[in-house]
Amino acid sequence: MVDLLPERTPLWQRIEATAREHFRRAAIHEIRTPLLEATELFARGIGEATDVVGKEMYSFLDRGERSCTLRPEGTASVVRAAIQHGLLAQGPQRLWYGGPMFRYERPQAGRQRQFHQIGLELLGVADAASDAEVIAIAWDLLSDLGLEGLELEINSLGTPEDRARYRAELVAWLEAHRERLDPDSQQRIASNPLRVLDSKHPDTQALLAGAPNLHDALSPASHERFAQVRLALEALAIPYRLNPRLVRGLDYYGHTAFEITSDQLGAQATVCGGGRYDGLVQQLGGPATPAVGWALGMERLVLLISQQEAADAPQASASPDLYVISRGETAERVALLLCRQARREGLIAERDASGAAFAKQFKRADRSGAPWAAVIGEEEASGGVAKLKDLRGEQSEQRLPLAQLVALVSKSLAAPARQP
């Protein structure tokens with residue numbers, strides 16, 4: 001778990017603001033759920049055989065001896081909230097969320113034990129076009145952020161019946177080749193055999209080239225639905241690659257599964273992933289409800305954008321428009337008043353609270369990057385005025401009432417925007 005320091009927050013804020021704007025345009029509304037949920041929600045929703053539930057959750061007993069878990073992902077919480085508050089009775093729900101998630105796993109580049117996601121969930125929509133729509137929203141968001149080297153991989157996981165047929169065929173094949181599998185994959189044969197397809201072990205991946213293909217186990221209806229998704233993506237001019245080994249890590253997925261990957265993140269290449277999960281709402285106690293969604297990882301996204309923008313150096317926060325220098329009790333109170341007036345007019349005003357000599361405060365004002373400094377001593381304070389000093393130009397120092405000083409700074413900063 002890491003701290004996000006001020007020099008890094010501007011990039012996070014830019015990503016979050018861009019995502020909010022894309023969701024606004026798509027008529028998708030924000031929902032906020034607690035960080036802490038009943039453990040049963042994730043055991044039922046994600047699947048007890050998954051690595052997330054079996055190995056990675058932060059779970060504990062509270063004072064009432066109830067098992068609680070810090071949320072490891074957002075979808076189950078959103079579905080729980082939609083059921084609990086009767087949202088599904090109001091028609092299809094177009095929702096998005098953002099915030100920290102928690103998984104106990106080995107930290108690496110772009111992956112921490114507290115990590116952050118932004119996710120989208122469409123509840124109550126069943127058509128193949130909705131699958132393409134959520135992919136398009138993710139693709140356009142990432143493109144708008146200036147990402148390059150992206151690839152969309154898609155697969156169909158079919159219906160539960162399709163997967164049951166395929167599971168039996170796959171287990172038989174895996175058992176016949178058990179000795180050649182890596183230890184983790186051997187353990188997954190009994191608990192979650194489809195996850196073997198997602199193994200990162202190179203020898204296992206080479207072996208799986210001869211494994212049965214899920215695509216061959218799909219029913220005609222599942223094939224037709226997947227064809228409709230592909231046609232919609234082609235109509236949207238979104239390039240994709242079929243990946244028959246793409247299964248996603250959570251049990252609730254069915255039909256369309258997808259990942260948007262980057263060639264700049266090494267082994268952990270997925271930036272955004274999701275798919276359809278028509279059975280989850282009913283599995284968690286709600287009515288039968290089709291649903292589709294995705295989540296993107298903020299840490300990986302920040303890492304990727306930083307690499308592309310050669311922004312490994314600290315990102316500078318916005319410089320103040322006005323740096324206020326003061327010395328003396330009365331002057332400090334006037335400085336507070338000046339900062340408040342400036343901020344009410346939309347300016348970024350920073351007050352030097354050190355009480356140091358004016359020379360030291362001027363040095364800090366210069367380092368701040370502010371174009372203007374306001375100087376208030378006891379003499380200025382008694383007269384309700386301040387000295388305005390041009391830190392970046394050659395204008396002479398002026399002695400002005402506070403309101404006039406704020407107006408002059410505002411006018412000077414707005415002037416370039418009015419030039420043709």
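No lab work stands behind these numbers, since they all come straight from the coordinates. Not measured: the values here are computed from a predicted model. Cβ sites come from the backbone with ideal geometry, for glycine too, and all protein chains shown count toward neighbours.
Observations, loosely collected:
- In summary, strands (runs of 3 or more DSSP E) completely within the range 44-146 and bearing 1 or more residues that are surrounded by 20 or more Cβ atoms within 10 Å (Cβ to Cβ), touching a Gly at 6+ places or on another chain (Cβ under 8 Å) and of a type outside the set (A, V, I, L, M) occur at 93-102, 114-123.
- The number of residues in the range 15-51 that are touching a residue at least 60 places away in the same chain (Cβ under 8 Å), farther than 17 Å from Y277 by Cβ and not β-branched (V, I, T) comes to 11.
- Within the range 333-377, considering residues that are free of Cβ contacts under 8 Å to residues at least 40 places away in the same chain and part of a strand (DSSP E or B), the one nearest to V406 (Cα to Cα): A349
- Unique match (being in contact with a helix residue (DSSP H, G or I) (Cβ under 7 Å, 6 or more places away or on another chain) and free of Cβ contacts under 8 Å to residues at least 60 places away in the same chain) among V247, V196: V196
- 1 or more residues surrounded by 13 or more Cβ atoms within 10 Å (Cβ to Cβ) and of a type in the set (V, I, T): qualifying helices (runs of 4 or more DSSP H) within the range 174-260: 183-191, 202-207, 220-235
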